[in-house]
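Visitor: I'd like to ask some things about the structure below.
The values are calculated or read from the model by the stated rules, or taken from the named source; none is laboratory data. Just so it is clear, the model here is predicted, and its values are computed rather than measured. Neighbour counts are summed over all protein chains in view; Cβ atoms, including those assigned to glycine, are modelled from backbone coordinates with ideal geometry.
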Amino acid sequence: MGIQLYFYISHSGFNRFHDFFNKEIILKKHILEVDGIQKKFDERVILFDIYMKCETSEIVGLLGRNGSGKSTLLKIMVGLVTAPNKCIRINEISKNKATDLFDEISYLHQDQFIPNYLSVKKAISLSIDANEIKIFCEDEFIKSILNKKINQLSSGELRYLEIKIVLYNSSKFVLLDEPYNGLPPIMIDVVNELIKVNAKRKGIIITDHNYQNVIKISTRLVLIKDGKVHNINKKEELVEKGYLSATAIL
C-alpha cells in the first residue's frame with residue numbers, strides 16, 4: 001500500500017494537472033527535422049544520410065539493435081556529438097550550433113545529470129519555471145522526496161525525478177535515452193502517463209532497451225538498421241526487418 005501511495009496523484013491534483021496541459025494544446029505546432037546525419041567510428045559507419053522528423057504531439061519510438069546508433073543520433077541532435085554536414089532545423093530554421101538548441105531540445109542522458117550535492121527542492125527550482133513548480137509537485141511521489149538530497153535517492157527515485165524535470169521544462173522537444181532504466185514496473189506506468197500528457201505540447205523521441213514500452217507508448221515508430229532509418233507502419237515490419245522474432249509481437 002505504501003509503495004502505491006508514492007505514485008498516486010490526488011484527484012484534484014490530477015484535474016489541475018489535466019487542465020493546465022489542456023490549455024497548452026492551443027500552442028503552435030513545432031517541427032524538428034534532422035537531415036544529412038552521418039557518423040562513423042574508425043572505419044565503421046554507424047549512421048548514413050539520416051533524416052528524421054518529429055512534431056508537437058508526436059511520440060516517436062526509436063528502435064534498433066545494440067550499437068545501431070540510437071544514442072549517438074540523439075546526442076548529435078543536441079550537439080553533444082559532432083557529425084559532418086549535419087542539418088538541424090526547427091520550424092524550418094537551421095539550428096546547427098549546440099548553443100542554439102539549449103532552449104529548444106531537452107535531452108535525458110542515460111547517466112545521471114543532477115549533481116549529488118543538490119537538494120531535490122533546489123534541483124526542481126533550478127530546472128522548472130516558478131509558475132509550474134506547484135503543478136510539478138502535485139505528485140505524492142515527488143512530495144515524498146522533497147526534503148531529501150539527491151545522493152539520498154534510490155536509482156528509481158532519481159530516474160523518475162530526472163524524467164519529470166526534462167519533460168516539464170520549457171523546451172519544444174524532448175529526447176529520452178533509456179528512460180525506463182532502473183524503474184520498477186509501477187513507475188514505468190506513471191512515466192508513460194507523464195510522457196503522454198507532455199506530448200500534448202511537445203514533440204518527444206524515445207529509445208530504450210525496453211522495446212515493449214517504447215512500442216506501446218509511441219505514436220510512430222522508426223527503426224535504425226544498417227545505418228539507415230526505416231519508418232515502421234506496422235509491427236510485423238519489425239519482424240520482416242529482423243528486429244523482432246515473430247513470437248515477440250504476439
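Visitor: Please work out if SER155 is free of Cβ contacts under 8 Å to residues at least 40 places away in the same chain and touching a Lys or Arg at 6+ places or on another chain (Cβ under 7 Å). Let's see the steps before the verdict.
Guide: Numbers: free of Cβ contacts under 8 Å to residues at least 40 places away in the same chain: yes; touching a Lys or Arg at 6+ places or on another chain (Cβ under 7 Å): no.
No; evaluated as a whole, the condition is false for this residue.
Visitor: Residues to consider are SER155, SER119, SER127; find the one that is small (Gly, Ala, Ser) and at pLDDT 95 or above. Don't jump to the end; show me each part of the working.
Guide: Values: SER155 fails: at pLDDT 95 or above; SER127 fails: at pLDDT 95 or above.
Just one listed residue meets the conditions, SER119.
Visitor: Assess whether LEU161 counts as being closer than 24 Å to GLU55 by Cα and at pLDDT 95 or above. Walk me through it before giving the result.
Guide: On the way: closer than 24 Å to GLU55 by Cα: no; at pLDDT 95 or above: yes.
Judged against the criteria, LEU161 is not a match.
Visitor: Of everything in segment 189-218 that's over 13 Å from the mean Cα position of the chain (by Cα) and aliphatic (A, V, I, L, M), which residue is farthest from SER106 (Cα to Cα)?
Guide: Here the residue is ILE215.
Visitor: Counting only residues that are free of Cβ contacts under 8 Å to residues at least 60 places away in the same chain and buried (at least 19 other Cβ atoms within 10 Å of the Cβ), how many does segment 100-113 have?
Guide: Selection size over segment 100-113: 1.
Visitor: I've got another one for you. Hey, does segment 175-186 have a residue that's surrounded by fewer than 19 Cβ atoms within 10 Å (Cβ to Cβ), within 14 Å of the chain's Cα centre (by Cα) and hydrophobic (A, V, I, L, M, F, W, C)?
Guide: no
Visitor: When only residues in segment 87-100 that are of a type in the set (D, E, K, R) and at pLDDT 90 or above count, which is nearest to LYS29 (Cα to Cα)?
Guide: GLU92
Visitor: Here's a follow-up. Considering only residues that are within 15 Å of GLY36 (Cα to Cα), of a type in the set (Gly, Ala, Ser) and surrounded by 20 or more Cβ atoms within 10 Å (Cβ to Cβ), which ones fall in segment 68-99?
Guide: Within segment 68-99, GLY69, GLY79, ALA83 qualify.
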